[in-house]
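Engineer: So that we are looking at the same thing, I have put the structure below in structure tokens.
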Amino acid sequence: MDLTNLYTSLSYILPEIAVSAALILIVALDLIFNKDKRIIPYVALFGILLTIYFVIDQFRISGFAFPASDANNFYGMIAVDHFGAFFKIIILISSFFIVFFSLASEEIQKIQEKSGEYYALMFGMILGMLVMISASDLVLIYLSLELLSLSSYVLAGFTKLRDRNSEASLKYLIYGAVSSGLMLYGISILYGLTGSTNLYVINSVLQGPNINVFTLAFSLVLIFVGIGYKISAAPFHFWTPDVYEGAPIAITAFLSVASKAAGFALLIRFIRTTFVTLVDDTSGYWHLVNSFDWKTILVIISILTMTLGNFSALWQNNIKRMLAFSSIAHAGYMLLGLVVFSNQGLIAILVYFFFYMFMNLGAFLVVMLIANKSGSENVEDYNGLGYTSPFLAASLTIFLVALTGLPPTAGFIGKLYIFIALVDAQMIAVAVIALLNTVVSLYYYVRIIKHMYLSKAEANQITIVPDKFTFALVLALLIPVLVFGLYFTPIIDLAKNCITILGL
Amino acid sequence: MMGFPILSLITFLPIIGMLVILFLPKNQDRLVKYTSLIVTAIQLVLAVVLLANFGYSSAGVSDQSTFQFVEKFRWIQIDGVSWLGTVKIDYFLGIDGISMPMILLTAFVSLIATISSWNINKSVKGFFMMFLLLDTGMMGVFVALDFFLFYVFWELMLLPMYFLIGIWGGPRKEYAAIKFFIYTLFGSIFILLVMIGLYFSAQETLANGTKVFTFNLLALMNQSNYLDSGILSAANPHNLRLIAYIALFVGFAIKIPMFPFHTWLPDAHVEAPTPISVILAGVLLKMGTYGIIRISYPIFPDITRDLMWYIGLFGMINIIYGALVAMAQKDFKKLIAYSSISHMGYVLLGMASLTTIGINGAILQMFNHGTITAMLFLIVGVLYDRAHTRGLDDFGGIGVQMPVYTGFVTVAFFAAIGLPSLSGFVSEALVFLGAFSVSSIRIIAIISTLGILLGAGYMLWTLQRVYLGQLNEKWNTLSDLDAREYVMFIPLTIVIIFLGIYPSAMLDIMNTSVNTLVNFIANNANSISLLSGL
């Protein structure tokens, strides 16, 4: 590879370089400031802002970093496109919030002396996710997935304050190791079948004749295990409730938004790059290769995911655990945006994720602020909160209503776009199932509202008065949920311009 | 007509009031109550101003130019690309003769309900904030002419209603509140689905000539806007119009509530505090029937005509079933709740006739039921406040102890029975006139008249058990009405008597629009059958 090429490639991965530099800086500062580590979160914030700047800058460009070419293809290891930039923005915005969450979290503040490692690991996760979003080579996909996973295993059990932290970490590790092992096996079979690890090359091979359909299906199912694990799609979701419940809330929120977003971006890019043979420019629908029926599989998985998630959430008394199941259900809704295999569906996913980020982070934030004081995430301990802590309770109510998908909140718009994509694709039966799921989900979201407002407060009910900082933090998440519910034009416009994925 | 945005004002005034209450200092309960009172009073004044400037000969229904006080702005505009058409949603408000009575009703009943909320003492601030939010949702439903906007207002009511029943309700409030919430959301999802289906089936032509998918209700009523391939287009031989109609109807029927979707209502009514029962019976139930008249009828005229017999049948079932169940009740409030189901059946029956007189009767019945049932729930509330029981058999001879109150009770009861010269008579008579005149549902109308008999039965029996006879000594300390209760009862009584003697005051408002609607349905149903026949 010549130097110009290398130079261009490097300029294409500036966000990843910035994250790596921030990671190194954090580690260095951790060593330098041995006693007082208060500076580290601010360095982290600065690093994230700088990365956001580079990502926004990437909206100008579109191309491959580390390109290669053969007779038929021009391809590369890393695809830089608008789609990737959109998801990177989501990841970085949520990381930005998570740093603030960590500052507001008692759990994390108790281990302030270890905050160097904490933020370093977090940046490890961010780096993994950013690479994962852009990776268009199976080897790089696997590497980034592992980078993300390894950092998150440690973070899930990082505080070691309670037994369940270690339990969460261990469960996460075991599930993760198994699924990434399976995924690697799938990748090796796919490589054996097609002779390449690059998605673009695999695409052109799959379009050709003489593909062993059975072997292909076998390898794809194995690869899907790895991705399904990251987005916690059923039946690979079993780790989610335990890990979400056990991990520090800030990390749970991070996993439920950023890690899931990266998983989705990977899944979408994987399918879009590897299996799409043609995108109909007038209708926006994708034509997929015939050798593997993604549609049926994904419809079944998404219905299974949302139904299992919603029905399991009904019985939960721990709010973190309930939100874990709720996030599983939301993964199911979002998968529906993919199964229509169209640009409309892709817009729906992007829009949904953008709104989901605010409402889910918001819900976790309030739960964290309450747990800071009460030390409990049990729904019974929320009794009477509406009267002792009106602001937090009202905010949580709005976040939960948004998660249910009722107007006039952003959650409704997200759901609306998913259903619009489904109806447009004439998948009305699926839309009905998803809508009925929404009704089910109402019950468990409202259950928390019920405990906050309808149930009698216990005598020792805590009063939480948010300070200016947490007040502003809640508002920063609350205002988008309400404003975008009434005026969503900019987000749709943004999403519309962000569906370009390099490839066919 | 882009003058003063009076419809926006009447709709969003309660939200402004809600924000004012939010920033009022703590423990200023009286201030909160007065704010709410002023807001609802201004709302009523605005409604009267609307009426004063209302053009009686302007039809509305499907024609924007004859809608009045129209406000139309581009709310959402997303420019299209090759595979994604332009998305546009309008902030589109306007009223015609069908919505005007409902606006008067909403403003009037909201004011009465505010007065009746005066003795709420538990978290007063929260109560009135939720109450005013609910008010905005109700008013918005009646003025919205864009399906998307309509749906937003429709759903906006759910959460405040949940809180109002759930926090300030009776012993089983939690159950009643969640049942209401889940039931209505279940109905809403069908409305949402049909809304999306309609969106993809019809295109509106904008001023600049481009065609865009639309949520505009008026554009959706115009059959020539439909795409040949749309799933809800009559021209598409594989269309799903019948299924969509039924889905939409179920969505609205849950709110009415129509048998067999009525089971949430008795629970909600029994547990809700009096003012909320008043709102629920007075306004909320009307949204279901209003939705059918405003949306289902003109958008699906063909199916409406095909299914009118079934609509009438369900009306009949509501009338008879509601009355029979009411008769068996031991709880005063539950009795009124079931009588409410029975009376909403008349609305369905009148609507099913598809005649001007029948639909006039139905809309008048919506208004009259709103006032009469509001009064009946207030009557129960007054008694419950004093005696803390609602058992019909616990009382007796209250007429001796509370003569003035019993006077009002008699007026309301006789209005509910349908005694001539009181408002209930006129609307029920019109409903039956309309239904009799259509041969296909004549038999249904004949059977439905039984409902009047049954209605008289349970109402008079209740009057006898509670108010007549020997005074139960337990209640000899009960005091008669106080000034505040006079203020609630007198306006309602005046309206009930006035509309009984001079129903034209209300009928003239709606007549032109209803006439237009009936012709619109007939013409369009014919042209659609021609279309699908070809």
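Read-outs: derived from the displayed coordinates by stated rules, not from any lab. These numbers come from a predicted model, not from an experiment. Every residue, glycine among them, receives a Cβ derived from its backbone with ideal geometry; neighbour counts consider all protein chains shown.
Engineer: Please report the spacing between the Cα centers of the stretch A:36-114 and the stretch B:463-497 in Å, no decimals.
Structural biologist: Their Cα centres are 70 Å away from one another.
Engineer: Among the aspartates and glutamates, select those whose C-alpha is under 15 Å from the C-alpha of residue A:37, and discard any that sit fewer than 8 residues away in the same chain.
Structural biologist: Filter leaves A:113, A:117.
Engineer: When only Cα pairs under 8 Å and 6 or more residues apart are kept, what is the percent relative contact order across the stretch B:6-528?
Structural biologist: Contact order relative to length: 15 percent.
Engineer: OK, next. About the Cα centre, and with charges only on the beta carbon of Lys, Arg (+1) and Asp, Glu (-1), how big is the dipole of the stretch B:236-323? Nearest 20 debye, please.
Structural biologist: Taking the Cα centre of the stretch B:236-323 as origin, the dipole is about 220 debye.
Engineer: Also, quick follow-up: Pairs of alpha-carbon atoms within less than 8 angstrom and 6+ residues apart define the contacts here; what relative contact order does chain A have, in percent?
Structural biologist: Worked out over chain A, it gives 15 percent.
Engineer: Further, regarding this structure: Cα atoms only: what Rg and Dmax, in Å, come out for the stretch B:6-528?
Structural biologist: For the stretch B:6-528, the Cα radius of gyration and maximum Cα-Cα distance read 22.5, 80 Å.
Engineer: Quick one: how many lysine pairs does the stretch A:311-504 have with C-alpha atoms less than 21 Å apart and a gap of 8 or more or different chains? Give me the count, please.
Structural biologist: Count of close lysine pairs: 6.
Engineer: Next up: Semi-axes, largest first, in whole Å: what does sqrt of 5 times each Cα gyration tensor eigenvalue give for the stretch A:1-157?
Structural biologist: Equivalent ellipsoid semi-axes, largest first: 31, 15, 14 Å.
Engineer: Could you work out the local net charge near residue A:391, counting Lys and Arg as +1, Asp and Glu as -1, over the other residues with Cβ closer than 13 Å to its Cβ?
Structural biologist: Every neighbour counted, the sum reads 0.
Engineer: Which whole-Hz couplings ³J(HN,Hα) result when phi for each residue of the stretch A:485-493 is put into the Karplus expression 6.51 cos²θ - 1.76 cosθ + 1.60, θ = phi - 60°, listed in order with x for Gly and Pro?
Structural biologist: Each residue of the stretch A:485-493 in turn: x, 9, 9, 10, 3, x, 5, 5, 4 Hz.
Engineer: For a quick check: with amide H placed at 1.01 Å from N, whose amide H comes under 5 Å from residue B:239's, ignoring anything fewer than 5 positions away on the same chain?
Structural biologist: Answer set, sorted by chain and number: none.
Engineer: Normalized C-alpha radius of gyration of the protein assembly as shown, against 2.2 N^0.38 Å?
Structural biologist: 1.01
Engineer: About its Cα centre, how strong a charge dipole does the protein assembly as shown have in debye, to the nearest 20, once Lys and Arg get +1 and Asp and Glu get -1 at the Cβ?
Structural biologist: The dipole of the protein assembly as shown has a size of about 1240 debye.
Engineer: To one decimal place, what Kirkwood hydrodynamic radius in Å is obtained for the stretch A:363-423 from all pairs of distinct Cα atoms?
Structural biologist: Result for the stretch A:363-423 stands at 12.8 Å.
Engineer: Something else about it: How do B:49, A:131, B:141, B:325 line up, fewest other C-beta atoms within 10 Å first?
Structural biologist: B:49, B:325, A:131, B:141
Engineer: Ratio to report: Rg/Rh of chain A, with Cα atoms as the point set and Rh obtained by the Kirkwood method; give two decimals.
Structural biologist: 0.96
Engineer: Please give the charge dipole size of the stretch B:6-528, origin at the Cα centre, charges +1 on K and R Cβ atoms and -1 on D and E Cβ atoms. Round to the nearest 20 debye.
Structural biologist: It comes to approximately 620 debye.
Engineer: Can you tell me the orientation of helix A:343-374 relative to chain A, as the angle in degrees between its alpha-carbon axis and the longest Cα principal axis, to the nearest 10?
Structural biologist: Computed tilt is about 30 degrees.
Engineer: Tell me which chymotrypsin sites (Phe, Trp or Tyr not before Pro) from the stretch B:12-104 have a DSSP coil assignment and no more than 14 other beta carbons within 10 Å of their own.
Structural biologist: Those that pass, being in a loop and sparsely packed, are B:23, B:56.
Engineer: If you average 1/r over all unlike Cα pairs in the stretch A:311-504 and invert the result, what Kirkwood radius do you get in angstrom?
Structural biologist: 17.3 Å
Engineer: I would also like to ask the following. Cα axis of helix A:39-58 to longest principal axis of chain A: angle in degrees, 0 to 90, nearest 10?
Structural biologist: Roughly 40 degrees, rounded to the nearest 10.
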